[in-house]
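Every number in this text was worked out from the coordinates using simple rules, so none of it is lab data. Because the structure is a prediction, the values reported are computed rather than measured. Heads up, the Cβs are rebuilt from the backbone with ideal geometry, glycines too, and the neighbour counts pull from every protein chain shown.
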Amino acid sequence: MTARMAKRAQQIAPFHVMRILQQARELEAQGRSIIHMEIGEPDFASPATVIRAGKQALDEKRTHYTAANGLPELRDAIANQYSEQVMIDAQRIIVTPGASGALQLVMATLLDPADGIMMADPGYPCNRHIASLFNADVQAVAVNQETDYQLSAELVERNWRDNTRVVLIASPSNPTGTLISPDQLSEIYQLVQGKGAHLIVDEIYHGLVYNQQVPSALSYGDQLFVINSFSKFYGMTGWRVGWLVVPDQYIEVANRLAQNMFLAAPTISQYAALAALDTETRPELLRRRDIFHQRRDILLPLIEQTGFKVRTRPGGAFYIYADCSAISDDSMKLCDTLLHDAGVAITPGEDFGSNNSRVYVRFSYANTIENLQEGMRRIQLATRNAN
Ligand SMILES: Cc1ncc(COP(=O)(O)O)c(C=O)c1O
């Protein structure tokens, strides 16, 4: 008799972008030139100050566990980051292995089997998948350009079910790069509070917002959970450090869960993250943000000229979510064709949900301007030839 695996493992959906990335790498190994516009991480290496601090931590043999909730000086430095907007007690901060660790921790804290968690569709796929691992009831709400692809208080109210326990917002969003307005977010916070439920806000792309200052959701009150990470704005994906801010009454339980789930985030990485928050690193991070901004302004019109429709101008992150219906009604097939025939990798909408996703694709601009221009030139040629 063959031993079986858990149903939750059988049911977990694949992340198509990883398949595309693997195929792209295989084609490159065969000598093909591939332009990567599928990747969800900054193309820059970590800032030099961060790398130096990581090396120094190794030289100083800082190779043991830290406390489960992280290095006290890192938690202080993270708390200090918020101090212009709101005072946060460092006790409320738990350092985690990336935002992914924070997501798992917060879901373990809040969700019992069959509890509902509401989130936008399209949205970051792992949110749905991790919630499913906890046997939660994923309540995906279709969003469109009318609400900038974000949940609104009205949508939350209209889609509320008896078992809804948590609402999750990610702003700027992956895959759309769009932001929720501060008014809507604060209204959703009040609404969720009134219903005795929880709000989680994923602010992983907060540093990468263009032309505007966005307050952290923490400035609306202290009864919500905020996720963030050193991966994107700080360019530290491979170091695996992020954080979760919890309300006071959840500090103890979140610590207990963190001790059991991962003991601690990587120690060397936490020292490197400390350097990422140093004022010395700031100018480099802002320079990179400006580069992303410039790339967005160059790529967006090129995407539109190629026949894709971008229904809401993205305000942050490094993604553009585009309607491809004028070119193809099967975005998965379009992505495969573009990869194999044109040598350009982009991500099919189906990675991000089921809301009209067959006619959407995600472009990432985590690549140089020259490569982005060349990628769009190839796509233009390939789609012109196909029509
Ligand atoms: C919206 C969002 N949240 C969380 C993550 C996880 O990031 P990490 O675990 O690298 O911090 C990502 C990564 O792409 C993301 O896009």
Using a Förster radius of 25 Å, what is the FRET efficiency between N80 and Q249 based on their Cβ-Cβ separation? Nearest 0.05, please. 0.60
Once the other residues with Cβ under 12 Å from the Cβ of P175 are scored (Lys, Arg +1; Asp, Glu -1), what is the net sum? -3
Rg (Å, one decimal) plus Dmax (Å, integer) for the alpha carbons of the chain? 20.8, 62
Each label sits 7 Å from Cα toward the beta-carbon; between L58 and N144 the label points are separated, in nm, by 5.2
Most fluctuating of V95, V344, V214 in the GNM of the chain (C-alpha, under 10 Å) is V214
When the charge dipole of the chain is computed with +1 on Lys and Arg Cβ and -1 on Asp and Glu Cβ about the Cα centre, the Cα farthest towards its positive end, among Q373, Q91, L300, belongs to Q373
Simple SL model, points at 7 angstrom along Cα→Cβ for E280 and L263; separation in nm is 3.0
Beyond 31 Å between alpha-carbons counts as too far, so tell me which of K7/K61; K61/K232; K232/K309; K232/K333; K7/K309 fall in that bin. K7/K61; K7/K309
Let me know the shape class of region 216-283, please: from the alpha-carbon gyration tensor, a ≥ b ≥ c as square roots of the eigenvalues, rounded when a/c is under 1.5, otherwise prolate if a/b is greater than b/c, or oblate. oblate
Taking +1 at the Cβ of each Lys and Arg and -1 at the Cβ of each Asp and Glu, which of L179, I20, A265 sits farthest along the dipole of the chain towards its positive end, judged by Cα position relative to the Cα centre? I20
First measure r as the distance between the Cβ atoms of I369 and A45, then evaluate 1/(1 + (r/R0)^6) with R0 = 22 Å and state the FRET efficiency to the nearest 0.05. 0.75
Roughly how big is region 48-276's charge dipole about its Cα centre, with Cβ charges of +1 (Lys, Arg) and -1 (Asp, Glu), in debye to the nearest 20? 840
If you rank R377, R32, R295 by fewest surrounding Cβ atoms within 10 Å, what's the result? R32, R377, R295
Net charge over other residues, Cβ less than 13 angstrom from the Cβ of A264 (K, R count +1; D, E count -1): +3
Check: C-alpha center region 268-318 vs C-alpha center region 1-71, spacing in Å is 19
Determine, for C335, C126, C324, the number of other Cβ atoms within 10 Å of each Cβ, and report the residues in order from fewest to most. C126, C324, C335
Where nothing but the Cβ of Lys and Arg (+1) and of Asp and Glu (-1) is charged, how large is the charge dipole of region 103-217 around its Cα centre, in debye to the nearest 20? 180
Report the charge-dipole magnitude of the chain in Debye, nearest 20, computed about the Cα centre from +1 at each Lys and Arg Cβ and -1 at each Asp and Glu Cβ. 840
Which residue, Q81, A275, P348, has the largest displacement toward the positive end of the dipole of the chain when charges sit on each Cβ (Lys, Arg +1; Asp, Glu -1)? P348
At 222 nm, what helix-only mean residue ellipticity would the chain give, in deg cm²/dmol to the nearest 500, using -39500 (n - 2.57) for each DSSP H run of four or more? -12500 deg cm²/dmol
Considering only G207, G349, G196, give the residue with the highest GNM mean-square fluctuation for the chain, with springs between Cα atoms whenever their separation is below 10 Å. G196
